[in-house]
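Okay, structure first, notes after.
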Amino acid sequence: GFEMQDEISALVQQSAARNGVASRLRMLKRAVTDHDDDVLHRSVVTRGNFGGVGLLRTPWRPPPKSESGRGPASGHGGGGSGSAVQTTTLDRELRHAGEITLMKMDIQGSEPAALRGATNLLRHGRVRNLILEL
């Protein structure tokens, strides 16, 4: 799965574990859209509503090392409060996947861009069922 919010990613992983499918789930902290290698900055618009976010797009750059040299420096990304994630396309991330039985998208109005980034998957009939929240 693709999720840019740590809180929601943790909930998805907990649900998968409770339902015995955790071994079949891989979560990536990426924003799915129609282009690769930009960065989206998430900022909370509505507190207590995980979907209430704003996004700011900037070119992707690798995170700088922290002063300890052991990981990204805090606050990397600039351009907005909250987390920053790299963009990707479904065609790129799923290029080696076989048939996809079910794909569900609920990405707060970004579904058209995500679908544009999945043209090869859709054109070759690799997605059997698609659920969108528009």
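For the reader, a short list of remarks on this structure follows.
- Counted charge near ALA16, where neighbours are those whose Cβ lies closer than 11 Å (Asp, Glu -1; Lys, Arg +1): +3
- Accessible area (Å², 1.4 Å probe, nearest 10) - LEU130: 70 Å²
- Other residues within the sphere of radius under 12 Å centred on the Cβ of LEU132, judged by their own Cβ, net out at -2 (K and R +1, D and E -1).
- Length gained on full extension, LEU102 to ARG18: 28.3 nm, using 0.36 nm per residue less the C-alpha separation.
- Ranked order, SER110, SER9 - accessible area, probe 1.4 Å, largest first: SER110, SER9
- Put a dot 7 Å past the Cα of SER9, heading toward its Cβ, do the same for ASP38, and the two dots end up 2.1 nm apart.
The values are calculated or read from the model by the stated rules, or taken from the named source; none is laboratory data. Please read these numbers as outputs of a predicted model, since none were measured by experiment. As a convention, Cβ positions derive from the backbone with ideal geometry for all residues, glycine included, and neighbour counts pool all protein chains shown. Surface accessibility is based on the protein's heavy atoms, side chains included, excluding ligands, DNA and RNA. Shrake-Rupley method; radii C 1.70, N 1.55, O 1.52, S 1.80 Å.
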